[in-house]
1. Would you point out the residue of the range 93-130, among those that are closer than 25 Å to VAL50 by Cβ, touching a residue at least 40 places away in the same chain (Cβ under 8 Å) and of a type in the set (D, E, K, R), that is surrounded by the most Cβ atoms within 10 Å (Cβ to Cβ)?
2. Return a yes/no flag: does the range 199-212 have any residue that is surrounded by fewer than 16 Cβ atoms within 10 Å (Cβ to Cβ), touching a residue at least 24 places away in the same chain (Cβ under 8 Å) and charged (D, E, K, R).
3. Since GLN156 meets every condition but one in (1) touching a Gly at 6+ places or on another chain (Cβ under 8 Å); (2) polar (S, T, N, Q); (3) surrounded by fewer than 20 Cβ atoms within 10 Å (Cβ to Cβ); (4) not in a loop (DSSP other than H, G, I, E, B), which condition does it not meet?
4. So if I check each of GLY206, GLY238, GLY153, which one is within 30 Å of PRO118 (Cβ to Cβ) and modelled with pLDDT under 95?
5. Within the range 182-198, restricting attention to residues that are more than 18 Å from GLY136 (Cβ to Cβ) and β-branched (Val, Ile, Thr), which residue is surrounded by the fewest Cβ atoms within 10 Å (Cβ to Cβ)?
6. Could you identify the single residue in ASP24, ASP46 that is surrounded by fewer than 15 Cβ atoms within 10 Å (Cβ to Cβ), in contact (Cβ under 8 Å) with a residue 40 or more places away in the chain and closer than 25 Å to ARG235 by Cβ?
7. Could you look through the range 2-13, keep only residues that are out of contact with any Asp or Glu (no Cβ under 8 Å at 6 or more places or on another chain) and on the phi < 0 side of the Ramachandran plot, and pick out the one that is surrounded by the most Cβ atoms within 10 Å (Cβ to Cβ)?
8. For the range 94-124, which residues satisfy the criterion of being among the hydrophobic types (A, V, I, L, M, F, W, C) and part of a helix (DSSP H, G or I)?
Amino acid sequence: MRQVSVGGLKVRLVGGSDGHGGGDGPLVMLLHGFGAPGDDLVPLADVIQVPGKTRWLFPEAPLSLNMGFGDSRAWWIIDFARIQADREAGRIRDLSIEVPQGLALARERMVTFLKELPSQLPIDYKKTVIGGFSQGAMLTCDAVLHTDYPVAGLVQLSGNLVAQAVWGPLMPRRKGLPVFQSHGTQDDVLPNIGAERLRDALTQAGLAVEWHSFRGGHAIPEAVLRRLGPFITKRLGG
């Protein structure tokens, strides 16, 4: 693994021709979730079956949370007090009507990152799959909708529909884009219904959503990883 800086973000690279992200092979870019360290998803590169010489790129969120255990990071800050109050009251929040405070700045950082990436690494966006887990999934969805890079696929692991008033009008521009989406039916962090709303909105806009529901919580189970490999392989022409 090697680390580079792109657009102000620390990035970890693995795979490729040398095991450290070298060469000009296809690329898989995954963003971690809220509260996780920057290397949280790096182990996935060893367990997801993809074409040879595929490079894996893992950007690290810029915000440090100082939560008292490890290097917890975030793409934007979440109102935990409100989440806890909703849980205690048994309320399921409809995140689709909310525009997270901090999303616009996170988007700006990600757009800058995507713009500067080709100057740092050999990249063909037509052979690039982008996505993430939880908050990282939502940010990549937002970034893909706000840009026109011809990415090969979008991966949404335990994400949710947010900012529907913003995202909705942008979705038809990505008609035909392959999307891999998974979510646990017992997820108590981001409700399953929010993932279903995202799935339905993307599908109605013409995107090709491959939906995987699993019995479990806020996680990426082995069964999802087994299905993700063929999705990535097909998108990258393997």
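The values are calculated or read from the model by the stated rules, or taken from the named source; none is laboratory data. Computed from a predicted structure; not experimentally measured. Methodologically, a virtual Cβ is constructed for each residue, glycine included, from the backbone with ideal geometry; neighbour enumeration extends over all protein chains shown.
1. LYS127
2. No, because not a single residue in the range 199-212 is surrounded by fewer than 16 Cβ atoms within 10 Å (Cβ to Cβ), touching a residue at least 24 places away in the same chain (Cβ under 8 Å) and charged (D, E, K, R).
3. GLN156 satisfies every listed condition except (3).
4. Values: GLY206 fails: modelled with pLDDT under 95; GLY153 fails: modelled with pLDDT under 95.
Going through GLY206, GLY238, GLY153 in turn, just one is within 30 Å of PRO118 (Cβ to Cβ) and modelled with pLDDT under 95: GLY238.
5. Filtering first and then ranking leaves THR185.
6. Unique residue meeting the criteria: ASP24.
7. Here the residue is LEU13.
8. The answer is LEU95, ILE97, LEU103, ALA104, LEU105, ALA106, MET110, VAL111, PHE113, LEU114, LEU117.
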